[in-house]
Amino acid sequence: MANVTLGVSSSIAVYKACEIVRRFRERGCEVRVIMTGNAARLVSPVVFEALSGNPVAVELFSERSARSIEHIEIAKWEELFVVAPATANVIGKFTSGVADDFLTTHYLASTAPCLIAPAMNGRMWRAAAVRENVAILENRGVAFIGPKRGSLACGEEDVGALADPEAIVEKALTLIRPMDLTGKSVVVTAGPTREYLDQVRFISNPSTGRMGYRIAEAAQRRGAEVTLISGPTEIEPPARVRLVMVETTDELSRAVKAHAPKCDYLFMAAAPSDFAPEKISAGKRSRKEGAFSLKLVPTADILKDVAAKKKKGQVFCGFAAEIGNHMQNAKRKLGDKGVDLIALNDVSGEDSGFASEQNEITLIWAGGKAEKLGKASKSELAARLLDAVLKKRGK
Ligand SMILES: Cc1cc2nc3c(=O)[nH]c(=O)nc-3n(C[C@H](O)[C@H](O)[C@H](O)COP(=O)(O)O)c2cc1C
């Protein structure tokens with residue numbers, strides 16, 4: 001996704017930088033870590049080497065660094081520069097242009113968007129020198145995140161704690177992400193539905209809603225107005241997204257019909273039940289009543305129904321969860337339903353599909369052309385899906 005340099009300095013929050021590397025990599029970013037000498041005394045560079053899969057730069061005058069003038073080489077390579085945690089010392093050096101180690105020398109050579117996540121004791125954070133340094137860097141276009149209030153290593157409850165790793169990664173990516181969905185309305189469906197047999201029992205499936213939630217999140221971050229129509233899930237809804245909770249396929253159908261007509265893009269990533277009991281028993285059916293037969297009838301084909309009313313310019317994407325690579329089924333679905341594309345995801349693999357953070361998607365476009373988005377985290381696939389849809393639309 002992007003080449004990211006992570007600068008790590010010697011705050012006690014240094015261990016949280018490990019999580020930041022992991023989260024960038026989950027999103028498909030290539031990460032190179034630069035540590036100050038003091039940070040390398042707190043945590044071994046080997047940890048970051050293993051997590052990033054790349055050599056870690058600490059010494060400016062090491063044989064390796066000197067041979068390729070590594071601080072310049074990294075500056076040419078990177079698309080984003082994040083410093084987390086940033087000490088008061090590093091912030092001060094950046095402000096005054098001091099370049100006496102690898103990280104500060106690299107900072108002067110870097111032209112990539114820069115995000116700084118400070119972490120320090122609250123008294124240090126409020127010190128006049130730090131306040132002024134932060135203001136100067138902000139004026140020069142450097143972005144900051146945090147610090148937040150929290151329980152600090154010194155035992156005080158104060159402002160000074162490093163922002164959450166996820167928030168740092170998110171904010172960093174907004175510095176380079178295209179806002180190509182600004183002014184667009186996106187509707188996403190996610191999660192399973194429940195079809196009740198009686199008042200307490202239902203038929204459902206293991207969908208967690210994660211794929212749809214990631215699409216909603218990705219679209220919102222690219223500037224879209226997002227409505228997320230979700231079946232019952234355990235996951236945290238993305239911020240700044242209009243959330244419509246539903247339970248049954250019928251409720252899902254009504255919500256989609258209410259929101260789809262005015263949207264620009266519809267992504268149907270929910271896993272609604274294809275069947276529902278013909279009759280719902282009143283109360284809680286007792287075992288004493290003995291065996292009984294359940295007649296299941298097909299539920300409404302939501303995608304087909306809304307696609308029939310699709311207006312010119314709208315893009316509708318259906319999802320097909322298949323066992324194995326059932327390209328034929330997906331192609332048939334595309335024709336049957338009259339949508340622009342089907343995202344075919346294989347739910348048979350242990351590490352893809354339902355309840356997994358990973359997925360593997362192939363897009364089948366109207367006309368039958370297949371486009372592999374590959375196997376990646378659901379966040380990364382959501383970004384790739386939006387890229388593919390917008391690219392196609394741009395043509
Ligand atoms: C255990 C320990 C924790 C520290 N935590 C912080 C911190 O959270 N923030 C900070 O600005 N300085 C902190 N310091 C002080 C810095 O490490 C010190 O200012 C150092 O010179 C900064 O070097 P660097 O910016 O090159 O990493 C800490 C020092 C020690 C020994």
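The values are calculated or read from the model by the stated rules, or taken from the named source; none is laboratory data. Bear in mind that the values here come from a model prediction, so they are computed numbers and not experimental data. Neighbour counts run over all protein chains shown; Cβ positions are idealised from the backbone, glycine included. SASA here: full protein model, heavy atoms, side chains in, ligands and nucleic acids out. Shrake-Rupley method; radii C 1.70, N 1.55, O 1.52, S 1.80 Å.
Would you list which lysines come within 24 Å of K284, measuring only between C-alpha atoms, while excluding same-chain residues fewer than 8 positions from it?
K295
Heads up, I need the accessible area for I69: 1.4 angstrom probe, whole protein in place, Å², nearest 10.
Ignoring ligands and nucleic acids, I69 comes out at about 90 Å².
Rounded to the nearest 0.05, what FRET efficiency do F61 and R177 give with R0 = 22 Å and r taken as the Cβ-Cβ distance? Could you check?
FRET efficiency, F61 to R177: 0.05.
Given the rule -39500 (n - 2.57) for each run of at least 4 DSSP H residues, summed and divided by the residues of the chain, what is its mean residue ellipticity at 222 nm, to the nearest 500 deg cm²/dmol?
Working: 15 runs with 140 residues, N = 395.
Value at 222 nm, helices only: -10000 deg cm²/dmol.
Leaving ligands, DNA and RNA out of it, work out the accessible area of D100 with a 1.4 Å probe and give it in Å² to the nearest 10.
100
Calculate the FRET efficiency for L294 and R254 from the Cβ-Cβ distance with a Förster distance of 30 Å, rounded to the nearest 0.05. Walk me through the numbers before you get to the answer.
Values: r = 24 Å, r/R0 = 0.81.
Taking R0 as 30 Å, the efficiency between L294 and R254 is 0.80.
Quick one: check the C-alpha center-to-center distance for segment 1-17 versus segment 157-218, whole angstrom.
25
With a sphere of radius 14 Å drawn around the Cβ of N329, what net charge do the other residues whose Cβ falls strictly inside it have (Lys, Arg +1; Asp, Glu -1)? Intermediate results must be reported in sequence, preceding the final value.
Working: positive: K331, R332, K333, K337; negative: D274, E322, D336, D346.
With Lys, Arg at +1 and Asp, Glu at -1, the neighbours total 0.
Return the Rg/Rh value of the chain, two decimal places, where both radii are evaluated on C-alpha atoms and Rh is the Kirkwood radius.
Values: Rg = 25.2 Å, Rh = 23.5 Å.
Here Rg/Rh amounts to 1.07.
Tell me the net charge near R67. Cut-off is 14 Å between Cβ atoms, R67 excluded, with +1 for each Lys or Arg and -1 for each Asp or Glu. Each step should come with its number before you reach the end.
Details: positive: R64; negative: E59, E63, E70, E73.
Local net charge: -3.
Estimate the FRET efficiency between I72 and E278 by the formula 1/(1 + (r/R0)^6), using the beta-carbon distance for r and 56 Å for R0, to the nearest 0.05.
Details: r = 71 Å, r/R0 = 1.27.
Computed FRET efficiency for I72 and E278: 0.20.
Going down the list K171/K257; K171/K310; K184/K311; K309/K378; K76/K378, which pairs span over 26 Å between their C-alpha atoms?
Details: K171/K257 34 Å; K171/K310 35 Å; K184/K311 15 Å; K309/K378 29 Å; K76/K378 29 Å.
Too far apart for the 26 Å limit: K171/K257; K171/K310; K309/K378; K76/K378.
Measure off, as a whole percent, the carbon and sulfur share of the 1.4 Å-probe accessible area of the chain, all protein chains present.
51
Sort the following peptides by mean Cβ neighbour count (other Cβ atoms within 10 Å, averaged over residues), highest first: 164-175, 4-15.
Values: 164-175: 19.1, 4-15: 25.0.
In decreasing order of mean packing, 164-175, 4-15 become 4-15, 164-175.
Can you give me the long-range amide H partners of I235? Hydrogens built in the peptide plane at 1.01 Å from N, cutoff under 5 Å, separation of 5 or more residues or another chain.
The answer is none.
Ranked from the most accessible area to the least, with a 1.4 Å probe and all protein chains present, what is the order of W77, W125? Display every interim value, and only then the final one.
Numbers: W77 60, W125 30 Å².
Ranked from most to least accessible, the order is W77, W125.
Would you compute, for the Cα atoms of segment 260-395, the largest minus smallest coordinate along each principal axis and list the three values in descending order, in whole Å?
Here the Cα extents, ordered largest to smallest, are 63, 37, 25 Å.
Tell me, what is the per residue accessible area of the chain in Å², probe radius 1.4 Å? If you can, show how the numbers build up before the last one.
On the way: 18770 Å² over 395 residues.
Accessible surface, normalised per residue, equals 48 Å².
Give the percent of DSSP beta bridges with both residues in segment 147-284 that are antiparallel, rounded to the nearest 5. Spell out each step's value before the answer.
On the way: 6 of 21 bridges.
In segment 147-284, approximately 30 percent of DSSP beta bridges are antiparallel ones.
Kindly state, as a whole number, the per residue volume in cubic angstrom of the convex hull around the alpha carbon atoms of segment 3-174. Let's see the in-between values first.
Numbers: hull volume 17.1 nm³, N = 172.
Expressed per residue, the convex hull around the Cα atoms of segment 3-174 is 99 Å³.
Against the longest principal axis of the chain, how steep is helix 378-394, in degrees 0 to 90 to the nearest 10, with axes from Cα atoms?
Here the helix axis deviates by roughly 80 degrees.
May I ask for the net charge around R22, where only other residues with Cβ less than 15 Å from the Cβ of R22 are counted and Lys, Arg are +1 while Asp, Glu are -1?
Working: positive: K16, R23, R25, R27, R32; negative: E19, E26, E30, E49, D164, E166, E170, E357, E380.
Here the charged neighbours net out to -4.
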